[in-house]
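Novice: Here it is, the structure, as structure tokens.
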Amino acid sequence: MWWRRRSAPAVTVIGAIVLWEAVVGGFRLPEYLLPAPSGVLAALAAEWRYLGLHTAVTVYEILWGFLLSILIGVPLAMIIVYSPLLERAFYPLLVASQSVPKIAIGPLLIFWAGLGMFPKILVAFLLAFFPIVIDTVVGLRSVEPEMLHLARSMGAPERRIFLKIRLPNAFPNIFAGLKVAVTLAVVGAIVGEFIQADRGLGYALLQANAMLNTRLSFAAILILAAIGVVLFAIVDVIERFLIPWHASHRTEMAAGTL
Amino acid sequence: MAGGGKLVEVSDVSKVYPTTDGDVLALDRVSFDVRAGEFLSIVGPSGCGKSTLAMLIAGLYPVTAGAISVDGTVVARPQTSLGIVFQNPVLLAWRKAVDNVLLQVEMRGLDPRPHRERALRLLASVGLEGFEHRYPHELSGGMRQRVSLCRALIHDPPLLLMDEPFGALDALTRDQMTLDIQRIWGRGQKTVLFITHSITEAVFLSDRIIVMTPRPGRIDTVLEVDLPRPRRLAVREDTRFAGLTRAIRDRFMAHGVLRDLDQEAE
């Protein structure tokens, strides 16, 4: 039954919250150690203006970081696919850039890029663009050789082969990369704010921790989780809209009609 | 094109593939002609270079030695005046059947709209009426291969290259496709080069059959098939048909490609 399938995740989530509430109440845990879900919700309601302001800042950083990672990641993948020379030139650099812990170069980025939102956007971008590049390269390369033979026997120039075959063929991979990237962009923005910030959810989280306001910390974490889930869902919806033909969305469609 | 003229000339063609274990000679000085309007099959065991031969004629791989000409012009780049059908249908998953057929038109930089009518007619002619707007994953393997066939025909090419087109199909679908191919070939003024490892299919469809040796691929024998046309499936029980299949099978046995019961235990 559909409602069983739909309600299953809701049941587990509500069950976990009820258990959490019961444990905190039953063991009389002090608020500063672990606040009850009701307390977190109360903090969320009381501080919504404060939290809303910082949420807006962080979402702004995440979105710009994510957007930049697409605008740079996809063309970089194209370069890698089309130029073996540039691939050899760029690839080690690309892998090296991912081996450096972003948190380690964070202070330097602040030093170079200054205060404000830009360095946070930069960290979000640095984390997010790698999966996009890797997955796009795989997608652009995964065209069947026979398809390319056919395209050439149709006299198609490479530009047309790219637009009509390679790029659409890479969409499923690109979206797989985008889904990983969007969650990493959230991590990147928070990491950037942890290093230095005077606004944003990362800043709010540090402030709340410093004042042992665990309710508020949990409220900020809750919002961060919600941002991640919502952005992921948006990418997922766009994917379903753009590539309804892909195998991962075919569960409801009957295949092999004869 | 006048019947009987040479459409394809393959002269002294060799093909070497470089591999990590050194060079592999896939084709060794192969020469033959494809006459305009004929149905020519190339039969051989796996790895005899018969598929390579199709790729060389299509201009998709360069020859190592020798020369190929199509319609009097030496092949030096991918040929655009032919249709190709591979063993796999290689359809684009995001295009409906009719749009997969029209890919042939679009990739040539032409407006597909005036060709839509013909694409629909082609699909209907191979039994896909009502399936024109289905996506590949909604079609059976045989239907996909029919779409692939229509894509190879939409631009009405004089030459059709078919590289084991029924290789991935079940026996009944193969039989039906064989009849369809015969009909399509008999209808227009097409020349077909049909690559297969099925002796029966080759005999059923062909005017002439080239039998290849195992690697390195050389031409072993060329057989003329003088069975009357159009041929019905029952022709396969005809004694002349059996004689031809036996002749080809004997060549394969002579090369050790096939071993019969009494030759088995040694």
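The values are calculated or read from the model by the stated rules, or taken from the named source; none is laboratory data. Here the structure is a predicted model, which means the values were calculated and not measured. Positions of Cβ are backbone-derived with ideal geometry, glycine not excepted, and every protein chain shown enters the neighbour counts.
Novice: Take the residues in the range B:15-68 that are part of a loop (DSSP other than H, G, I, E, B) and within 14 Å of chain A (Cβ to nearest Cβ), then tell me which one is surrounded by the fewest Cβ atoms within 10 Å (Cβ to Cβ).
Specialist: Here the residue is B:Pro62.
Novice: Search the range B:107-131 for residues being in a loop (DSSP other than H, G, I, E, B) and within 28 Å of B:His197 (Cβ to Cβ), and hand back the single one that is farthest from the other protein chains (Cβ to nearest Cβ).
Specialist: B:Val126
Novice: A further question on this structure: Restricting attention to the range B:91-106, which residues are outside any helix (DSSP H, G or I) and surrounded by fewer than 22 Cβ atoms within 10 Å (Cβ to Cβ)?
Specialist: Once the filter is applied, which keeps residues that are outside any helix (DSSP H, G or I) and surrounded by fewer than 22 Cβ atoms within 10 Å (Cβ to Cβ), the range B:91-106 yields B:Leu92, B:Ala93, B:Trp94, B:Arg95, B:Lys96.
Here's the yes/no breakdown for (1) of a type in the set (D, E, K, R); (2) under 14 Å from the mean Cα position of the chain (by Cα); (3) closer than 27 Å to B:Gly72 by Cβ:
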{"position": "B:Ala152", "(1), (2), (3)": "no, yes, yes"}
{"position": "B:Met177", "(1), (2), (3)": "no, yes, no"}
{"position": "B:Ser198", "(1), (2), (3)": "no, yes, no"}
{"position": "B:Met212", "(1), (2), (3)": "no, no, yes"}
{"position": "B:Arg218", "(1), (2), (3)": "yes, no, yes"}
{"position": "B:Ala234", "(1), (2), (3)": "no, no, no"}
{"position": "B:Thr239", "(1), (2), (3)": "no, no, no"}
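Novice: Can you go through B:Thr64, B:Thr52 and tell me which one is under 15 Å from B:Ile195 (Cβ atoms), touching a residue at least 24 places away in the same chain (Cβ under 8 Å) and out of contact with any helix residue (DSSP H, G or I) (no Cβ under 8 Å at 6 or more places or on another chain)?
Specialist: Only one candidate qualifies: B:Thr52.
Novice: Within the bounds of the range A:101-122, is there any residue that is assigned to a helix (DSSP H, G or I), within 23 Å of A:Ala176 (Cα to Cα), of a type outside the set (Val, Ile, Thr) and in contact with a Ser or Thr (Cβ under 9 Å, 6 or more places away or on another chain)?
Specialist: no
Novice: Specify which of the listed residues (A:Ala77, A:Ala89) is surrounded by fewer than 14 Cβ atoms within 10 Å (Cβ to Cβ) and either assigned to a helix (DSSP H, G or I) or at pLDDT 95 or above (or both).
Specialist: A:Ala89
Novice: Considering only the range A:133-142, I want to know if a residue exists there that is over 27 Å from A:Met117 (Cβ atoms), in contact (Cβ under 8 Å) with a residue 24 or more places away in the chain, small (Gly, Ala, Ser) and buried (at least 23 other Cβ atoms within 10 Å of the Cβ).
Specialist: Looking for residues that are over 27 Å from A:Met117 (Cβ atoms), in contact (Cβ under 8 Å) with a residue 24 or more places away in the chain, small (Gly, Ala, Ser) and buried (at least 23 other Cβ atoms within 10 Å of the Cβ), one finds at least one in the range A:133-142, hence yes.
Novice: Does any residue of the range A:144-151 turn out to be closer than 30 Å to A:Asp236 by Cβ, within 14 Å of chain B (Cβ to nearest Cβ) and out of contact with any His (no Cβ under 8 Å at 6 or more places or on another chain)?
Specialist: Yes, some residue in the range A:144-151 is closer than 30 Å to A:Asp236 by Cβ, within 14 Å of chain B (Cβ to nearest Cβ) and out of contact with any His (no Cβ under 8 Å at 6 or more places or on another chain).
Novice: So, one more: Exactly one of (1) more than 14 Å from chain B (Cβ to nearest Cβ); (2) modelled with pLDDT under 95 is unmet by A:Ala185. Its number?
Specialist: (2) is the only condition that A:Ala185 fails.
Novice: Of all residues in the range B:211-253, which are of a type outside the set (A, V, I, L, M) and without any contact (Cβ under 8 Å) to a residue 24 or more places away in the chain?
Specialist: Hits for the range B:211-253 are B:Glu224, B:Asp226, B:Pro228, B:Arg232, B:Glu237, B:Asp238, B:Thr239, B:Arg240, B:Gly243, B:Arg246, B:Asp250.
Quick grid of which residues meet (1) part of a loop (DSSP other than H, G, I, E, B); (2) within 22 Å of the chain's Cα centre (by Cα):
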position	(1), (2)
A:Asp135	no, yes
A:Leu140	no, yes
A:Leu148	no, no
A:Ala151	no, no
A:Ala156	yes, no
A:Arg159	no, no
A:Lys164	no, no
A:Phe171	no, yes
A:Phe175	no, yes
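Novice: Let me ask something else about it. Anything in the range B:240-260 that is among the small types (Gly, Ala, Ser) and in a helix (DSSP H, G or I)? List them, or say none.
Specialist: Selection gives B:Ala242, B:Gly243, B:Ala247, B:Ala254.
Novice: Can you name the residue in the range A:107-133 that is closer than 20 Å to A:Leu67 by Cα and not hydrophobic (A, V, I, L, M, F, W, C) and, of all such residues, is farthest from the chain's Cα centre (by Cα)?
Specialist: Among those that are closer than 20 Å to A:Leu67 by Cα and not hydrophobic (A, V, I, L, M, F, W, C), it is A:Gly116.
Novice: While we're here: Could you check, for the range A:161-177, whether at least one of its residues is away from chain B (no Cβ under 14 Å) and out of contact with any helix residue (DSSP H, G or I) (no Cβ under 7 Å at 6 or more places or on another chain)?
Specialist: Checked against the condition, which is being away from chain B (no Cβ under 14 Å) and out of contact with any helix residue (DSSP H, G or I) (no Cβ under 7 Å at 6 or more places or on another chain), the range A:161-177 yields no hits at all.
Novice: Exactly one condition in (1) touching an Asp or Glu at 6+ places or on another chain (Cβ under 6 Å); (2) more than 7 Å from chain A (Cβ to nearest Cβ) is false for B:Asp71; which is it?
Specialist: Looking at each condition in turn, B:Asp71 falls short on (1).
Novice: Please determine, by comparing only the residues of the range B:3-35 that are among the small types (Gly, Ala, Ser) and touching a residue at least 24 places away in the same chain (Cβ under 8 Å), which one is nearest to B:Gly72 (Cα to Cα).
Specialist: B:Gly5
Novice: Output the number of residues of the range A:1-40 satisfying the condition of being assigned to a helix (DSSP H, G or I) and either touching a His at 6+ places or on another chain (Cβ under 7 Å) or without any contact (Cβ under 8 Å) to a residue 12 or more places away in the chain (or both).
Specialist: Number of matching residues: 21.
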